[in-house]
Amino acid sequence: MRPELLKGHLDALLLAALEDEPRHGYAVIETLRTGSDGTLDLPTGTVYPALHRLERAGLIASRWHTVGGRRRRDYQLTAAGHAALAQHRDTWDRFSAAVTALLGRPVTPPTG
């Protein structure tokens, strides 16, 4: 998938990946990859800066903890993040319905 197709949707995808439970950065990447059957295989250089930006915006919060002797930073949605995800979903539903209406099936010209 071309990276430009993700423009404007990355935040929504990251918020959705964190909806069910807190996850560390690599788990977010894996959630996107497995949830999209490998289509969304995003590099760490895309995901981590976006997670930090979402945290600065107050949409996610993070905390450090140690697992197996290694420090790990988990991210989770805030109340504002849940609200933003709901808004992203509403916008996506309207946008995808419009695009599907235009691109989803070939238009057959009238006969006669």
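If you go through region 69-85 and keep only what is in a helix (DSSP H, G or I) and surrounded by fewer than 12 Cβ atoms within 10 Å (Cβ to Cβ), you end up with just A79. Among the residues of region 20-68, those identified as under 22 Å from T78 (Cα atoms), of a type in the set (A, V, I, L, M) and assigned to a loop (DSSP other than H, G, I, E, B) are A57, L59. Filtering G38, G68 for residues that are more than 13 Å from the chain's Cα centre (by Cα) and closer than 18 Å to L10 by Cβ leaves a single hit, G38. Contact map, region 66-77: first residue at positive phi, second residue at pLDDT below 95 and among the acidic types (D, E), Cβ cut-off under 9 Å, separation 6 or more or different chains; the map is empty. Filtering region 7-25 to residues that are on the phi < 0 side of the Ramachandran plot and without any contact (Cβ under 8 Å) to a residue 12 or more places away in the chain leaves K7, D20.
The values are calculated or read from the model by the stated rules, or taken from the named source; none is laboratory data. In this text, all values refer to a predicted model and were calculated from it rather than measured experimentally. FYI the Cβ positions are ideal-geometry reconstructions off the backbone, even for glycines, and counts take in every protein chain you see.
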